[in-house]
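One structure is given here, and the rest of the page talks about it.
The values are calculated or read from the model by the stated rules, or taken from the named source; none is laboratory data. Remember, predicted model here, so these are calculated numbers, not experimental data. Reconstructed Cβ throughout: ideal geometry from the backbone, glycine too, with neighbour counts over all protein chains shown. Protein only, heavy atoms only, side chains kept; ligands, DNA and RNA dropped before computing areas. Shrake-Rupley method; radii C 1.70, N 1.55, O 1.52, S 1.80 Å.
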Amino acid sequence: MVRVEPQTVDLERWPALAPPARGGGGGAGLVAQALRRAARDLGMRIDYPDASAAGEYDAEVRVVLREPDLFWARLASSGVVGLGESYMAGEWATSDLCAAVVRLAPWIAAHPDCADPGERAYGRDGRGAREGRGVSGGRRRERKSPISLEDSVPGSLTSLYTDETMSTSGALFASGARTRTRLEDGTDLVHLEAPASPPGRSDLGDAQRRSADTLLTLAGVAEGARVLVATPGWGELPMRAAERGAHVRTMTGSTERLAALGSRLAAAGLEDSVSLYLGSPSEAGGSVDAVVAVDPGVDSGLAGIVEVLRVADRLLEPGGRLAVHVVACPARPEPALVELAAWRAAYVCDAGPAPAWADIGEQIARTSGLRLRGRVDATAHHAETVRLWSDSFALRGRDAAALGFDAVYRRMWAFHLAAMEAELRSGWVESMQVLAEAAPSAAGRPTRPAP
């Protein structure tokens, strides 16, 4: 059952959600007719306020339109960006937001009567600056440096949808078959099948710790190792490294995150095991045995990943390892992915669509001191992670409201999480842990064997 209730939008806070002209120019009408005809093939049922419907009665996905004219007008004028904005405005609802995005976004991106914002929308054409609200609830904050390796989501929001680890990357659940393939370039690909049964929210904390441990094992982090955690998140990764007896350095450009990390390390009794700084990994000196990072491109795309590669190339001892968790496109980004990234550019971050894996591999190859050893594909596990995030966020609506996140913001974040899950389940992006190794010294120092 899908409930659609009257919604109110504060247009002073959300001016981009002002109602578009109803039915102007005929484009909206053409979109309405086309989607009505396509509903059955898309496996959707579309319910209208007058009790009419399109598609099969028992379709897998049901969409209820509260303001059909505004819905069509937004698709005609803004494409997939309009789909997200219409959901934020409360003009449509569904019982399965991820499945609705999986079906609607590709159709909208391919339809000639729907606008195509394309790559011009990544903060460069005014849509991202038209009072679209960043994750802090106000204008997007200015970055301290051209390349940001951390997401800009405040801890108060992160705590509403994650588990006790506050990890914001893909978890690894206990079940799921594992296969290993040697690729033509000599690297290893380990593929983790989906969990045998859908995990629950109570499984998420252990799964996030398992993901951190897997990344640290890839990096060869053991007792006495010198480790740079280039992206500390909210503390789980550097804490897990310190618990292995490693000498850990990490840093953040956020004073909020610095305070949270310091408090968490102190509570765990690890403040003497982790050197914590305010700054950027590019400012780190000395040498290390391992560099680890999670989602360094989440807020800056390929540039963030390249920054970590440069840091690793500069700091790693011969034979040292870089292990990084990234989300990448298997090939050229799908049009639906590009348009969803355009919506995020207005409301979340302007990183653009995930980089192609070929581009990441090329950047590793261009780094003279590193060579790619392999990767672990855990896309299905990441999709389950985001599903659980969505469930948690939906259950904590009152907590979100108490923290000042209004109804529009909550729908915005629900759409963001659903889009993330849709991208993973559709194969538009893949989630992987990547291992690279620093070249041995000229004296022939042997490298450590791959795991």
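Against the list (1) charged (D, E, K, R); (2) surrounded by fewer than 19 Cβ atoms within 10 Å (Cβ to Cβ); (3) under 20 Å from Gly352 (Cα atoms), the condition Glu283 fails is (3). Checked across segment 50-60, the condition of being assigned to a helix (DSSP H, G or I), open to solvent by 10 Å² or more (accessible area, probe 1.4 Å) and at negative phi holds for no residue. Looking at Leu270, Leu261, Leu215, just one residue is in contact (Cβ under 8 Å) with a residue 40 or more places away in the chain and open to solvent by less than 30 Å² (accessible area, probe 1.4 Å), and that residue is Leu215.
Out of Glu317, Glu307, Glu384, Glu362, one residue alone is free of Cβ contacts under 8 Å to residues at least 24 places away in the same chain and under 27 Å from Leu215 (Cα atoms). It is Glu362. Please verify whether Ala73 is on the phi < 0 side of the Ramachandran plot, crowded, with 23+ Cβ neighbours inside 10 Å, in contact (Cβ under 8 Å) with a residue 24 or more places away in the chain and not charged (D, E, K, R), treating the condition exactly as stated. Spelling it out, Ala73 is indeed on the phi < 0 side of the Ramachandran plot, crowded, with 23+ Cβ neighbours inside 10 Å, in contact (Cβ under 8 Å) with a residue 24 or more places away in the chain and not charged (D, E, K, R). The condition (being in contact with a helix residue (DSSP H, G or I) (Cβ under 6 Å, 6 or more places away or on another chain) and either of a type in the set (D, E, K, R) or over 28 Å from Ala303 (Cβ atoms) (or both)) is satisfied by just one residue among Asp206, Asp188, Asp163: Asp163.
Here is the figure for segment 70-101: residues that are out of contact with any strand residue (DSSP E or B) (no Cβ under 8 Å at 6 or more places or on another chain) and within 14 Å of Arg45 (Cα to Cα) total 2. The set of residues in segment 175-189 being assigned to a loop (DSSP other than H, G, I, E, B), open to solvent by 70 Å² or more (accessible area, probe 1.4 Å) and free of Cβ contacts under 8 Å to residues at least 24 places away in the same chain consists of Glu184 alone.
From the list Gly132, Gly170, Gly138, pick out the single residue that is at negative phi, at pLDDT below 55 and crowded, with 21+ Cβ neighbours inside 10 Å. Write out each step before concluding.
Working: Gly170 fails: at pLDDT below 55; Gly138 fails: crowded, with 21+ Cβ neighbours inside 10 Å.
Going through Gly132, Gly170, Gly138 in turn, the sole match is Gly132.
The single condition among (1) part of a helix (DSSP H, G or I); (2) open to solvent by 30 Å² or more (accessible area, probe 1.4 Å); (3) modelled with pLDDT of 95 or more that Ser275 does not meet is (1).
Out of all the residues in segment 234-248, is one or more open to solvent by 30 Å² or more (accessible area, probe 1.4 Å), modelled with pLDDT under 95 and outside any helix (DSSP H, G or I)? The answer is no; no qualifying residue exists.
In segment 346-365, the residue that is most open to solvent (accessible area, probe 1.4 Å) out of those that are within 22 Å of Ala419 (Cβ to Cβ) and in a helix (DSSP H, G or I) is Asp359. Of everything listed in (1) touching an Asp or Glu at 6+ places or on another chain (Cβ under 9 Å); (2) in a strand (DSSP E or B); (3) open to solvent by less than 10 Å² (accessible area, probe 1.4 Å), the single unmet condition for Arg45 is (3).
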